[in-house]
Every structure is written in C-alpha cells, then in structure tokens.
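Structure provided below as structure tokens; questions to follow.
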Amino acid sequence: MLSVHVEDVAAAHDVPENAVWQALSDPTRRRILDLLRERPRVTGDIASRFQISRIAVMRHLEVLSAAGLVTSRKRGRERWHYLNAIPLERMHERWVEAHAGHWAAGLLRIRRSVESTPARMSANRPAVDVALELTIAAPRAEVFAALTQDPGGWWGGPYLRSDSTRLTLEPRLGGLFVEAWEGGGAVVATVTGWTDDSHLELAGPFHMGAALGFATFELSERDGGTALQFSFRAIGAIDAGFRERAAEGWAELIGRLKTLVETGARLGIAPDPPHKEKKR
C-alpha cells in the first residue's frame, strides 16, 4: 500500500530526473523498491533480505530517498520506509504514454545492435536464446486473435508474478503488455512490432530482473492451419537457473496457446473468457 505525506508529494516534483535514473540503475535499489511495493517496511526488515551489510542497505535507501522514490518516518525506535511512486508516474507519462512509439523504436535499435555484434555476448553478459516452431490447426486470423486479444487464456509463469490476476495487451506499436494484481500491476513488455494476423514482437523485462528480452511471433499459413515460428532472445544479467528454465517456460506457453486455439481449454492465468462475467 502506497503511503506518503503531502510534503513528500510536493518534494517529488522537484527531484531532478537524472537522480531518479541513477537510483534505478542499481539492482539492489530496484529490489528494495520491489519490497516496498508490497508494503512499508522497517530498516531491519529490508536489510535482512540482502547479504550486504545493514550500513550498505541504509546507503541505498539514502539514494532512493534523495531521488524521491522512498520516504521515511520514525516511529518510536523504528524507522519505516514507504514507496513513493510519483517520480515513476512522471517518468511513465513522459517516456511511455507520450512517446510510446519512440520507446518502441529505441528497443528495436537495441535489438539490432545486439544481433549485429554477437561477440559482445560474453560470460559477463549472459543471454537467453530460444527458437520454437509448431503448427496450429486453425486459421491464422484466429491464432493471432488468441495471441493478442486473449493473453490471459494462455500466458502464465515463469514470466508473471504468482499473484497476477489479469493480462492486457494494447493492440498498437508502443502498446503495453500489462499484468495486474490486487492493488497494482506491472509492464511485462512493450509492443515493438505488429502486422495484423501475421507478426507480433514484444520487448521488455519479462520479470528477468536487470535484463531485456525480445519475443517474436511469426504466423504463416500451412496445410489449412497456421505455422507459428517463435523466438526469444534476452541480454543483461540473467540468473543461471532462469536461463535453464527459459526454454521450458516458452515451450509451455506456446503449447498453451495451441491448446487454447484448438480446444478452447484455458491454461493461462485467466480461466474465464475475457469480458465475460460468471453466471450466478
């Protein structure tokens, strides 16, 4: 639950944007914000979640506070820390809502840069590289509709939080692929490529931490059905365990999409069809 004071709101508007970017650049500080997104916490609770010293955690909190992302209040002997999302909302308004198309284009430039310089993908920059192909017994338009209009019917872990309840995908270049949970939500990816009934590309964090992933779905007609070619590539700091699970995870998701289209069985996070209420 977000809890801030009026003076904190006013102060958040005076924080230089570069201070916010600098605060977000560190994975430990991003993890602290994740913890505070769940609920306010005392210093000791936050420090217990990390292997670094309590003093180091307090320094990270000071940086977050200077950027206006965290506010703190003393209660008795304990100091409570709260997430202040106002600087993030201002960044969203500037960099996502108003310039979604430019943001998508920027992500595409990153992808092209990575693909043109494979030598950069070293042990210091681990990657995920997955390619899948299968045939779905349904018209291409029907497959594309399930892919883009009903993501909750087939999408699930490991690329979602366990408490996610709903998914939405804006059908446009720069549109957001968003998951929702009680009291909040997060952007899973951004639409960086779209051609009706044949092509979808998503770029975003996909809950991989300090990494950027590119998921591409290519649809073509084949023997009265649809051939789906899928690829996923990620760059950045990716946990080795996640890298091993990625191929399995994507294979399961694509298999769920095939099952949804061919049988109507909904194996994603939304068991009921979209825009349809349960009968009482």
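Can you name the strands (runs of 3 or more DSSP E) wholly within segment 149-203 that have at least 3 residues being touching a Leu at 6+ places or on another chain (Cβ under 7 Å) and surrounded by 20 or more Cβ atoms within 10 Å (Cβ to Cβ)?
Qualifying strands (runs of 3 or more DSSP E): 184-195.
Right, something else. Output the number of the condition that residue 244 fails; it satisfies all remaining conditions of (1) at pLDDT below 90; (2) outside any loop (DSSP other than H, G, I, E, B); (3) under 17 Å from the mean Cα position of the chain (by Cα); (4) closer than 24 Å to residue 267 by Cβ.
The failed condition is (3).
Yes or no, residue by residue, for (1) modelled with pLDDT under 85; (2) surrounded by 15 or more Cβ atoms within 10 Å (Cβ to Cβ); (3) not assigned by TED's automatic domain parsing to the domain that holds residue 33:
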residue: 65; (1), (2), (3): no, yes, no
residue: 74; (1), (2), (3): yes, no, no
residue: 82; (1), (2), (3): no, yes, no
residue: 93; (1), (2), (3): yes, no, yes
residue: 111; (1), (2), (3): yes, yes, yes
residue: 114; (1), (2), (3): yes, yes, yes
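Give me the residue from segment 217-251 that is touching a His at 6+ places or on another chain (Cβ under 8 Å) and surrounded by 18 or more Cβ atoms within 10 Å (Cβ to Cβ) and, out of that set, nearest to residue 30 (Cα to Cα).
Per the criteria, the residue is 217.
From 167, 176, which residue is at pLDDT 90 or above and under 20 Å from residue 259 (Cβ atoms)?
Selected residue: 167, the only one of 167, 176 that is at pLDDT 90 or above and under 20 Å from residue 259 (Cβ atoms).
The values are calculated or read from the model by the stated rules, or taken from the named source; none is laboratory data. The model shown is predicted, which means the values in this text are computed figures rather than measured ones. Backbone-built Cβ (ideal geometry, glycine too); neighbour counts: all protein chains shown.
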